[in-house]
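The structure appears right after this line, and notes come after that.
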Amino acid sequence: MEFGIMFATHIGDWDVIRYAEELGYDRAWVPDSHMIWSDCYATLALAAANTKRIKLGTGIAGAGTRIAPVTAHSIASIARLAPGRVFLGIGSGHTSMRVMGQSFVSLRELREYIRVLRALLAGEEVEYDYRGNPAKIKFLHRDRYFIDLDRPIPIYLAANGPKAIELAGETCDGWIGSTASERDAPGFFEHLRIGMKKSRRPASAGFHTSFVTAGCVLRPGEKLTSGRVIDETGSQVACNLHLNYEMWLFGGKKDELIAPCFANIWSDFLTRVERFPRDTWYQRLYDGHCTFLQPEERRFITPEAIAEFTLTGEPDELVARLRTMESFGFNEIVLLPPADYSRKVYRDFAELVMPKLR
C-alpha cells in the first residue's frame, strides 16, 4: 500500500509536499479548482523544483475548465521540472463547475477529453475539435524541451459512478475513488474490470488504484466525539454532506438518497441550506470545501458520519482497514485533511501507521 497526500491548493503551502516527501509519502495530488484555491500547476512547479523523489500530479484536474491541449501542455511542463515522476489526475470537474453554478462534463465529453490527452502526451498528432472546427494538432519544438514527453505521463481518472469507473478501466492508466468504505470496494472494482475487458487489458497490467479520504489516528481510548477528531476529519465529512445534498436535490429529493449516517441531522441541514440566497446557494454550499469546516456545520459532524466517510481509528485498526482495502485491489491511500491540520495528520499516519504497512 502506497501513501499519498492531497491538500487544499495554496501556492504558499507548496512546501507541504516537500514535508510529505521527508515523511516518506509516495505521491502528492494537487487539486485544480480555480474559484476556491491557487493554481495547481504553479503550485506543482514550485514543488517539482524543490523535491527529488515524491511523484507529483493533479488531483484532480477538471475537464470542464481547461481544454485538453492546455491540460496536456501544463502537465508536460511540470514533467520538464520533474522528469519521470509526474502523473495527470483528471475528472469531470465536479467542484470546479458546481462552484460556478454549472454542471460538470458528460461522460461522452470526458471520453473525448481523454482521447486527446492520451495522444498528445504520447507525442502524437491528433484531430481535435474546438468549437465545431476539427483540425490536426501536435506539440511543436519537441527538440527544444519546452515540455518533456520523453517519459510516460500516466493518466488517472477520478470517478465514483459506475460508467465513469468503467471508462477509467477502459481508457486510463489508473483510477482514484472517493471513499473510505470497504462496502464500496467490490462494486467499484467490478466496474473497473468491465472497463478493462472492453479494452482487452489484463487486470494486472500496471493499473494504479487509489482512494482518497480524510483520517485521524486515535490515541488509546479516544472517542469519535473528540474535538481533535472533528477538527481533523470535519471538512471531509462536510464535503460528503454537501455532495449528498446535491444528489438529493438533483435526484428528485427522494428520502432513499439520504445517506443513513446523515438521516438524523438532515432536517437541520436543510433548514441551514434554505437560508442561502437562491441565486448563489452553490457558493455558500462550497465555502470551506475540503479546506476548513464551517463553524455552523460542526454540529453535523457526527460519530456515525466520521466512521462512514473517513479512515479514523487507533493504529492497528487503521492497518487492518488498509489491509482490507488492499485485498480488494487498492494500491494507494490518499489523505486529504483540512488545511490547518494537514501537517499533523500526515505526520501521525507516517509515524504510527505507515511503518506497519512497509
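Each reported figure results from applying straightforward, stated rules to the coordinates on display, with no laboratory input. Note that the structure is a prediction, hence the values are computed from the model and not measured. In this analysis, Cβ positions are derived from the backbone assuming ideal geometry, glycine residues included, and neighbour counts consider all displayed protein chains.
Under the membrane-span-like helix rule (DSSP H runs whose alpha carbons stretch at least 18 Å along the helix axis, mean Kyte-Doolittle hydropathy -1.0 or higher), the chain yields 68-81, 107-121, 184-198, 227-250, 315-328.
Placing dummy labels 7 Å off each Cα toward the beta-carbon, the span from residue 357 to residue 146 is 4.1 nm.
Eigenvalues of the alpha-carbon gyration tensor of the range 265-323, scaled by 5 and square-rooted, set the equivalent ellipsoid semi-axes at 31, 13, 9 angstrom, largest first. Each Lys and Arg Cβ is given +1 and each Asp and Glu Cβ -1; about its Cα centre, the range 1-79 then shows a dipole of about 200 debye. Assuming charge only on the beta carbon of Lys and Arg (+1) and of Asp and Glu (-1), the dipole of the chain about its Cα centre is about 800 debye to the nearest 20. The stretch between residue 272 and residue 228, if pulled fully straight at 0.36 nm per residue, gains 13.4 nm over its current Cα-Cα span. Per residue, the Cα convex hull of the range 1-91 amounts to 85 Å³. Both radii come from the Cα set of the range 5-158: Rg as radius of gyration, Rh as Kirkwood radius; their ratio Rg/Rh reads 0.97.
Model label points for residue 201 and residue 129, set 7 angstrom from Cα along the Cα-to-Cβ axis, are 2.4 nm apart.
Each Cα pair under 8 Å and six or more residues apart adds its sequence gap; the mean of these over the residue count of the chain is a relative contact order of 19 percent. For residue 254, a cut-off of 15 angstrom between C-alpha atoms picks up these aspartates and glutamates, skipping any fewer than 8 places away in its own chain: 246.
Only residues of the range 157-200 count here: report those whose backbone N is under 20 Å from the spot 7 Å along Cα→Cβ of residue 108, or say none. Label zone hits: 161-168, 170-171. Positive contributions from Lys and Arg (+1) and negative ones from Asp and Glu (-1), summed over other residues with Cβ under 11 Å from the Cβ of residue 96, come out at +1. Considering only alpha-carbon pairs that sit under 8 angstrom and 6 or more positions apart, the relative contact order computed for the range 278-358 is 39 percent. Only lysines eight or more places from residue 223 in sequence, or on another chain, were considered; those with a Cα closer than 23 Å are 344, 356.
The dipole here belongs to the range 264-324: it is taken about the Cα centre, uses +1 on the Cβ of Lys and Arg and -1 on the Cβ of Asp and Glu, and is about 200 debye. What the Cα atoms of the chain give is an Rg and a Dmax of 20.0, 63 Å. So which lysines pass the test for residue 197, namely a Cα distance under 23 Å, with those fewer than 8 places away in the same chain ruled out? Those lysines meeting the cut-off are 163. Only helices enter the 222 nm calculation for the chain: every DSSP H run of n ≥ 4 contributes -39,500 (n - 2.57), and dividing by all residues gives -12500 deg cm²/dmol, rounded to 500.
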